[in-house]
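A short worksheet on the structure shown next.
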Amino acid sequence: MSWNFWKNNRFIAGGVPLLAAALAASLFAGNGAVSSSQLWGLVTGRGGPDAIRVIFYQIRLPRTAACFLCGSGLSAAGLLLQEALSNPLASPGIMGINSGAGFFVLLAGLLFPPIYLLRNAAAFAGALFSAVLVYLIADRAGMSRAVIVLSGVAVSSLMTAGTNTIMTLRPESVSDKVGFSMGSLAGIDVRQIPVPALLIGVGILAAFLLAPGIELFVLGDETAQGLGLSVKRHRKLTVACAALLSAACVCLCGLLGFVGLIVPNTLRLSEGMSIRKKLLGCVLWGGSLVLFCDTLMRTLFYPYELPAGLLLSLVGTPFFIFVLMRRGIRGRRHD
């Protein structure tokens, strides 16, 4: 194969072993409670105490699956938002979509019985509501890239205020306030996995089906319309797909931020990648990123355990500044 092939697909080729390493680390990294050798012995058939079996099958496996699902879903959601809005700064966290989903989840828990399917439906409604609200504000203020981001920040602040109000007045509405607010994979139960996994799978499949039309966004609305694409409809479906992915992830990991910003912008470094290849890259690199962050936060400070979202915030904030400055430098060059 040619050098150009490997250059344009290096993120896909490198993402497979990276994900394998991240999965292995998440499943087998030891701490003071259980060693790596004990876990490996259980998997290879040498057996072990019942406590080790419970830790591996009821704690480690669900947590690893949740990390992979959230990383994949949030990365894909970020990519869809960036392509739909033609803005590399767009992501579920910055645009207020995660915050809207989280607020509606807590609101549903207060107003209705704790039905898990209702929790997912409320998260999707909140994510979609925030996306629509951002679009309406930006449309009235002038649909520029800066205005869209600022509208997202405003909506995110509003939804976060609502979430904090509920958690302050009704602290029993969420078992781990810090974990929910920052994004944590601790305490994931195997019964929590199936519905979000189904929604994330459906969302990524829908994104693959929408990909040919998304490719035309870069040509401009008029050109894309001339090629037979219903641009407004396709853009709305793309944003709705991003909202579905974000909502499912919030139900699993809370308000985990910056994944949808870091991964899609990293994939942009490889020129010539199609949207479908970028989606595959989001699955590989996004899943790996959250798996590694969660493993580090779980093992580095044992017996204490910090939310994975804390490390992502420490990495994501300077990354956001870097992308912002990079856009500014490019803008001055074009001027």
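Where a number appears in this text, it was derived from the coordinates with a stated rule and is not lab data. Bear in mind that the values here come from a model prediction, so they are computed numbers and not experimental data. Here the Cβ is made from the backbone with ideal geometry for all residues, glycine too, and neighbour counts use every protein chain on show.
Here are the numbers for this structure:
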| item | result |
| --- | --- |
| Nearest-0.05 FRET efficiency for PHE301 and ARG53, computed from C-beta distance (R0 30 Å) | 0.70 |
| Angle in degrees between helix 145-169 and the longest Cα principal axis of the chain, rounded to the nearest 10 | 40 |
| Dipole in debye (nearest 20) - the range 224-285, about Cα centre, beta carbon charges: Lys, Arg +1; Asp, Glu -1 | 260 |
| Whole-Å distance, taken between Cα centres, linking the range 199-250 and the range 131-152 | 18 |
| Ordering of 224-232, 286-294, 151-159, 206-214 by burial proxy (mean other Cβ atoms within 10 Å per residue, highest first) | 286-294, 151-159, 206-214, 224-232 |
| Pairwise label distance in nanometres, SER86 with VAL218, each label 7 Å out on the Cα-Cβ vector | 1.3 |
| Dipole in debye (nearest 20) - the chain, about Cα centre, beta carbon charges: Lys, Arg +1; Asp, Glu -1 | 500 |
| Aspartates and glutamates with Cα under 17 Å of LYS236, excluding same-chain neighbours fewer than 8 positions away | GLU83, ASP139, GLU215, ASP221, GLU222 |
| SER144-ARG191 pseudo-label distance in nm [points 7 Å out on the Cα-to-Cβ vector] | 5.2 |
| Cα gyration tensor category, rounded, prolate or oblate, for the range 261-324 with a/c compared to 1.5 | oblate |
| Burial ordering of GLU215, GLU222, GLU305, fewest other beta-carbon atoms within 10 Å first | GLU222, GLU215, GLU305 |
| Shape category assigned to the chain from the gyration tensor of Cα positions, a/c cut at 1.5 | oblate |
| Calculated FRET value between LEU314 and SER274, using beta carbons and R₀ = 35 Å, to 0.05 | 0.60 |
| Additional length obtainable on full extension of the chain from THR168 to ALA24, 0.36 nm per residue less Cα span | 48.0 nm |
| Potential lengthening between ARG326 and VAL132 on full extension [0.36 nm per residue; Cα-Cα distance subtracted] | 67.0 nm |
